[in-house]
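Peer 1: There's a structure below that I have some questions on.
The values are calculated or read from the model by the stated rules, or taken from the named source; none is laboratory data. Keep in mind the model is a prediction, meaning the values are calculated, not measured. For neighbour counting, all protein chains shown are included, and Cβ atoms are generated from backbone atoms with ideal geometry for every residue, glycine included. For the accessible areas, the whole protein counts, side chains as well, though only heavy atoms, and no ligand, DNA or RNA atoms are used. Shrake-Rupley method; radii C 1.70, N 1.55, O 1.52, S 1.80 Å.
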Amino acid sequence: MATAAEHHNQTALVGTWTSIPDAPLVQNPGHPSEGLYRLKVNSDGTLTPLDFIKMKSPSWIVKSHDGRFAYTTNEENAGAVTALAIDHGGKVRVINAVDSHGQQPTHATISPDGKFLFVANYSVAKGGASVAVFPIHHDGSLGEQVQNFPFASGSGAVKDRQDSGHAHSTTFTHDGKYLYAADLGGDKLHAYAYHAGNAQPLQADTSRDVAFPAGSGPRHMVFSPDGKHAYVITEMAGEVVVFAVKDDRLQQQSSVKLNTENSSAEYRSGGGIILSPNGKFVIAANRGSDNSLVVFRIEQDGSLGSPLRYKADGIEPRAFAFDASGKYLYVANVFTNNITLFHFDEQSGVLKAAGEVAKIATPTDIKFFN
């Protein structure tokens, strides 16, 4: 848990789309986003704008393990990834940028040893979806791509969403031996063995792949703190699927709906999924016409308890994160151009809405730095 001094020295980085989406629920911000925004975190959890770095659609932010660097996926047709240096005062500078070798990269993760960055190229159009692998140099800069795994085939179950593969996230197992990539278009998790000493570190292991029911759309996943369970949120099915993990293989145990009151398609739009800082709760988002946060307690057997549901205080809660204190949960609501704040009770999992704390055009992610 962070000290009071660390909490006061926090800065937040907010990623965005730098074009305004053409979607029915979008509230026009007046001016498109300029890029990556930096804000000060105040002692009461409110945010004060500081500055921004102009760049195209830095939609996802991943921190290096020591917090000295960060990487953003630039979610454009010509996808890119940008490396950033974060100094002790929280100031940010661009180190370099590389081609993501795909379209609309939406997510990235860093290997446990910090040697490689793994990027999910989502790609709305056919042919641009893949998982791309980049070496991370000692100065935080990114090298040129060393591997690329195309996601070509979709399940075809949901028209216009699954005509081809769509890589949506990359997640390491607890022991760091395997990487799982969620393919929303193909209704599958693809498994890769990770070999840190190899110049090309990933090796596909189809024996560990996981197939979902047609039309599910697996999006993001998290592992329990002990690594014995995994939780995958499905975008189109609107569920969290619970897996037991044995020898880095996933065995489905159960699934829970994000909205038990309305089963229509517009109320099924799973978004982000994270663990609470104490590892006792799973927090997931349901978007569409629902726009809710759903909190589940992790039971002793790894199953999920009865959900606590809260309105996100915005439309399209795409991503959310806790600050270093673990007391504050911040939600990036893309279509209402705002960041909302919730106070979190780490014992009960209860969220208490504290309102809007920032107005930023089309915010897609938020991460915190000390």
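Peer 1: Restricting attention to the range 139-181, which trypsin sites (Lys or Arg not before Pro) occupy a DSSP loop and are surrounded by at most 11 other Cβ atoms within 10 Å?
Peer 2: Working: sites: K159, R161, K177; in loops: K159, R161, K177.
The qualifying sites are K159.
Peer 1: For the range 139-249, which whole-number percentage of the solvent-accessible area (1.4 Å probe, protein heavy atoms only) is attributable to carbon and sulfur atoms?
Peer 2: 47
Peer 1: Report the relative contact order of the chain, percent, no decimals, based on alpha-carbon pairs under 8 angstrom and at least 6 residues apart. All intermediate terms of the calculation are to be shown ahead of the outcome.
Peer 2: On the way: 1102 pairs, mean separation 47.6, N = 370.
Computed value for the chain: 13 percent relative contact order.
Peer 1: How large is the charge dipole for the chain, taken about the Cα centre, if only the Cβ atoms of Lys, Arg (+1) and Asp, Glu (-1) carry charge, to the nearest 20 debye?
Peer 2: 180
Peer 1: Return a whole-number percent for the relative contact order of the range 121-229, with Cα pairs under 8 Å and 6 or more residues apart as the contact set. Intermediate values should be presented prior to the final figure.
Peer 2: Numbers: 251 pairs, mean separation 22.5, N = 109.
Reported relative contact order: 21 percent.
Peer 1: For the chain, set up a GNM with springs between Cα atoms under 10 Å and report which of I273, I360, I86 has the largest fluctuation.
Peer 2: Taking springs between Cα atoms under 10 Å, the residue moving most is I86.
Peer 1: Ok, one more. Taking θ = phi - 60°, what integer Hz values does the Karplus form 6.51 cos²θ - 1.76 cosθ + 1.60 yield along the range 12-19, in sequence order, with x for Gly and Pro?
Peer 2: 10, 10, 10, x, 8, 9, 9, 10
Peer 1: Which three extents, in angstrom, do the Cα atoms of the range 201-254 have along their principal axes, listed largest first?
Peer 2: Principal extents (largest minus smallest coordinate, Cα): 30, 24, 19 Å.
Peer 1: Picking from G35, G238, G156, which is most flexible by a Gaussian network model of the chain using Cα springs under 10 Å?
Peer 2: Highest fluctuation of the listed residues: G156.
Peer 1: Here is a further query. Grab the alpha carbons of the range 227-370, take their convex hull, and tell me the volume per residue in Å³. Walk me through the numbers on the way to the answer.
Peer 2: Numbers: hull volume 16.2 nm³, N = 144.
About 112 Å³ per residue, rounded to a whole number.
Peer 1: Follow-up question, since we're still on this one. Please report, in whole Å, how far the alpha carbons of the range 317-370 spread along each principal axis, starting with the longest.
Peer 2: For the range 317-370, the Cα extents along the three principal axes come out at 33, 24, 16 Å.
Peer 1: The range 127-229: Rg/Rh from Cα coordinates, Kirkwood Rh? Mind dumping the intermediate values first?
Peer 2: Values: Rg = 14.5 Å, Rh = 14.5 Å.
Result for the range 127-229 is an Rg/Rh of 1.00.
Peer 1: Once you order the gyration tensor axes a ≥ b ≥ c over the Cα atoms, which shape class does the range 50-205 get: rounded for a/c under 1.5, otherwise prolate or oblate by comparing a/b with b/c?
Peer 2: oblate
Peer 1: Rounded to the nearest 500 deg cm²/dmol, what is the calculated helix-only ellipticity per residue at 222 nm for the chain, with -39500 (n - 2.57) per DSSP H run of length n ≥ 4?
Peer 2: Numbers: 1 runs with 5 residues, N = 370.
Mean residue ellipticity at 222 nm (helix-derived): -500 deg cm²/dmol.
Peer 1: Right, another one. Taking θ as phi - 60°, what are the ³J(HN,Hα) couplings along the range 217-232 by the Karplus curve (6.51, -1.76, 1.60), each to the nearest whole Hz, with x for Gly and Pro?
Peer 2: Karplus-based 3J(HN,Hα) across the range 217-232 equals x, x, 10, 10, 8, 9, 9, 5, x, 8, x, 8, 9, 10, 10, 10 Hz.
Peer 1: Two decimals is fine: what is log10 I(q)/I(0) at q = 0.17, 0.22, 0.24 Å⁻¹ for the range 78-149, from a Debye sum with one equal scatterer on every Cα and no solvent?
Peer 2: -0.61, -0.93, -1.05
Peer 1: For the chain, with every protein chain kept in place, what is the accessible area per residue (1.4 Å probe, Å²)?
Peer 2: Working: 14970 Å² over 370 residues.
Here the per-residue accessible area is 40 Å².
Peer 1: Can you list residues from other chains, or at least 5 along the same chain, whose modelled amide H is less than 5 Å from the amide H of S153?
Peer 2: Correct list: G165.
Peer 1: Moving on to the next point. Take the alpha carbon gyration tensor of the chain, find the square roots of its eigenvalues, order them as a ≥ b ≥ c, and report rounded if a/c is under 1.5; if not, report prolate when a/b exceeds b/c, else oblate.
Peer 2: Values: a/c = 1.24, a/b = 1.07, b/c = 1.16.
Rounded, because the longest to shortest axis ratio a/c is under 1.5.
Peer 1: Assuming R0 = 25 Å, can you tell me the calculated FRET efficiency for the pair D87 and K115, based on Cβ-Cβ distance, to the nearest 0.05?
Peer 2: Details: r = 23 Å, r/R0 = 0.91.
Once rounded, the FRET efficiency stands at 0.65.
Peer 1: Please work out whether the range 227-305 counts as rounded, prolate or oblate from its C-alpha gyration tensor, where a ≥ b ≥ c are the square roots of the eigenvalues and a/c under 1.5 means rounded, while otherwise a/b larger than b/c means prolate and anything else oblate?
Peer 2: Values: a/c = 2.25, a/b = 1.66, b/c = 1.36.
Prolate shape, in that a/c is at least 1.5 and a/b is the bigger ratio.
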